[in-house]
1. Based on Cβ point charges of +1 for Lys and Arg and -1 for Asp and Glu, what charge dipole magnitude is obtained for the protein assembly as shown about its Cα centre, in debye rounded to the nearest 20?
2. Label position 7 Å from Cα toward Cβ: report the copy-to-copy distances for residue A:24 in nm, one decimal, ordered from shortest.
3. Considering only the other residues whose Cβ falls under 12 Å of the Cβ of residue B:277, what net charge follows from Lys and Arg at +1 and Asp and Glu at -1?
4. Enumerate the calculated ³J(HN,Hα) couplings along segment B:277-291 in order (Karplus 6.51 cos²θ - 1.76 cosθ + 1.60, θ = phi - 60°), each rounded to whole Hz, writing x wherever the residue is Gly or Pro.
5. Along the charge dipole of the protein assembly as shown, pointing to its positive end and built from +1/-1 on Cβ of Lys, Arg, Asp and Glu, which listed residue (B:302, A:271, A:213) has its Cα farthest out?
6. Which distances, shortest first and in nm, link residue B:201 to the matching position in the other copies, using label points set 7 Å out along Cα to C-beta?
7. Give a residue-ordered list of calculated ³J(HN,Hα) values for segment A:36-48 (Karplus: 6.51 cos²θ - 1.76 cosθ + 1.60, θ = phi - 60°; whole Hz; x for Gly, Pro).
8. Tell me which residues come under 5 Å, amide H to amide H, from residue B:142 once H is placed; ignore anything under 5 positions away on its chain.
There are 2 protein chains.
Amino acid sequence: MNIGEIAQRAGVSRSTVSYALSGKRPVSEETREKIQRVIDDLGYRPNASARALANGRTSTIGLVFPPAGDHYTGMQLDFIGSVVEAAAAYDYDVLLSPSGVDSDRSFQRLLGERRVDGAILMEIRLQDDRVEHLLAEGFPSVCIGRTAQPENDWWVGLDHTALTAACVHHLADLGHRRIAFVNRPERLLRAGYESAHRGLDGFTKAAAERGLTVRTYTCGDDAPSGQACLERILHDDPATTALVTLNEAALGGLYRGLAHAGRHVPRDFSVTGVVAARWAETVTPQLTAADVPAAELGRLAVELLVERLDQPQTPPRHQLLTPPISLRASTGPVGTPAPMVADPDLNA
Amino acid sequence: MNIGEIAQRAGVSRSTVSYALSGKRPVSEETREKIQRVIDDLGYRPNASARALANGRTSTIGLVFPPAGDHYTGMQLDFIGSVVEAAAAYDYDVLLSPSGVDSDRSFQRLLGERRVDGAILMEIRLQDDRVEHLLAEGFPSVCIGRTAQPENDWWVGLDHTALTAACVHHLADLGHRRIAFVNRPERLLRAGYESAHRGLDGFTKAAAERGLTVRTYTCGDDAPSGQACLERILHDDPATTALVTLNEAALGGLYRGLAHAGRHVPRDFSVTGVVAARWAETVTPQLTAADVPAAELGRLAVELLVERLDQPQTPPRHQLLTPPISLRASTGPVGTPAPMVADPDLNA
DNA sequence: GAACGATGTCGAACCGGTTCGACAAGGGCC
DNA sequence: GGCCCTTGTCGAACCGGTTCGACATCGTTC
């Protein structure tokens, strides 16, 4: 069943049916009704491929996300959901593309074969060849995250620098002097992941500002790694009284490590970081954290992309979010010094 | 840049270029090389819409998943990831469609407008109008989960009945006599979600078989609901010594509730259920559970769908998985009777 | 009452591929 | 030498929409 059949049954030409549907030229009320009746009877829907071929728009956006080899974090799930939902509101479908490296197969598929009108990229790196490539081509895309040169690109992002700094200040205000930083996996840091780098920067600088003693760690994206990481932290400096984590997936493991070490949260040890609210709420005690507004980021990314698609000549826009720290139950004032070591800094 | 331009530069006809690329008719080695050189020079890639229009195949499969209004569980994330990855291996893209109800907009888009060659459905209900609709149309699809009449449909699924029964037997073997069941949200149970119903069935029947005293609950898909649910459980029957949960997202809340009630896991209270391994490992103590092989289910679904697409006449196939219970740290023998109530059954 | 603009409809061309039938050239066979 | 089969290539039709130019009709306007 195609537009020709509808036209025949309605006794009009194919173009009239097309205009009746698109409204791009006036069609008499009478004709429109006749056509609509036939369409309803037959349950006709125009073929998406034919339409895309004719008018050059697929009504689909690509969501380029990291390969499944990486563990997914809850944040990514919320992104995907909110992107799909927001896109649907603008009548766009979402095509998923597993991709990390530039110019790999699936990336080429999306762009080269014109499967999508635009793309949203996740897990941006500071130097990101995918982003450079898209920028050079002028292909409509929006990044969730920003590269080292974000000025003339489209993106939405979190101010990880400010967020981790806020965590440090929060802990310092509570009297903590020796704190650890738990980053994303080393592989991702090496690869130049934006959040890992800017988060580390913010942490380091704020800690220096406040004169804190710090150690920084990378940690695999899963609970066992988190537990191992915490053991290393306490082994390296048993006087550590707090940590800041960017690593959502390791959170459960960090808590377990603390429990095994006999450190009570928040009495003996404070934990905070940058984590989506719904994950911060699953641990006990609930995590005081800068809540990653994953759903909002996804929605904003879609809105920016749609704007870019509708008005191709608009200059680059972007949006940097800095959610406040939500006080929950995992941080508290530094109490008695840690058991093993007496450190003069502690009461300074 | 299109196939005509390639043909011109290579000095051949458009059809020859097409045959050189598809291999559906012999092309001389010399011509093939000439064409390939031009293609490489220009970085040509055939337009997906045009190809789809011409040969009727989009090389895309639809993944129909529940609307974002529902909280996503970790399981769903793993599904999506594995489906995308497996699909890529067969050269299919994945189009996400948020959909719950039958014949809603996005469902119609996918099928009516021929955006996809086939579909994978998640979150199946026992009476599922979407599934019936697809079955009636003969549209190639595979369900993750099965309806009440699964015989002549394609699906992969978990034997939730057997899994919850196994949990019950595990607890009964440890001496538990009063156990609770924590199901998915009531709304989903009412809607007829397969896992919620079959899981409940398996639980109820196995408990009856073993002569256990049980109570069953529904619980929202988030940590606060889990905590509230646990409070209700202990309020309704303080002598409860164990629970079985289907609700992954509530797990953290259940644990928190137990901690607040002063019940130590697994000394005072055993917890088990049906949960993906990576989530079972994030809680402390790690959850003894039937591990949902989400990634494997996703992969299998894609394989079945591809098979169905390649050989449209194959009779329905399906695959029911019954993963074993992984013993971790959250269950143990029933110890001293619960504090409030002495129950003769306990030592029977 | 002729010129004009707006309205409504149609046919044809086009988007960029795939595929079918035709045909020429070359080789093997009797 | 004629016949047939295979190989290699081409032109044309087709997939199912959109869009442009043309044209007929009708109501205004001077």
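Read-outs: derived from the displayed coordinates by stated rules, not from any lab. Since this is a predicted model, take the numbers as computed values, not measurements. So basically every Cβ, Gly included, is an ideal-geometry build from the backbone, and we count neighbours across all protein chains shown.
1. Here the size comes out at about 640 debye.
2. Label point to label point, same position, other copies: 2.9 nm.
3. With Lys, Arg at +1 and Asp, Glu at -1, the neighbours total -4.
4. 3, 5, 8, 4, 8, 7, 8, 10, x, 4, 7, 6, 7, 6, 6
5. B:302
6. Distances to the matching label points in the other copies: 5.8 nm.
7. Using θ = phi - 60°, the values come out as 4, 4, 4, 4, 5, 4, 8, x, 6, 9, x, 5, 5 Hz.
8. For residue B:142, the qualifying residues are B:119, B:120, B:121.
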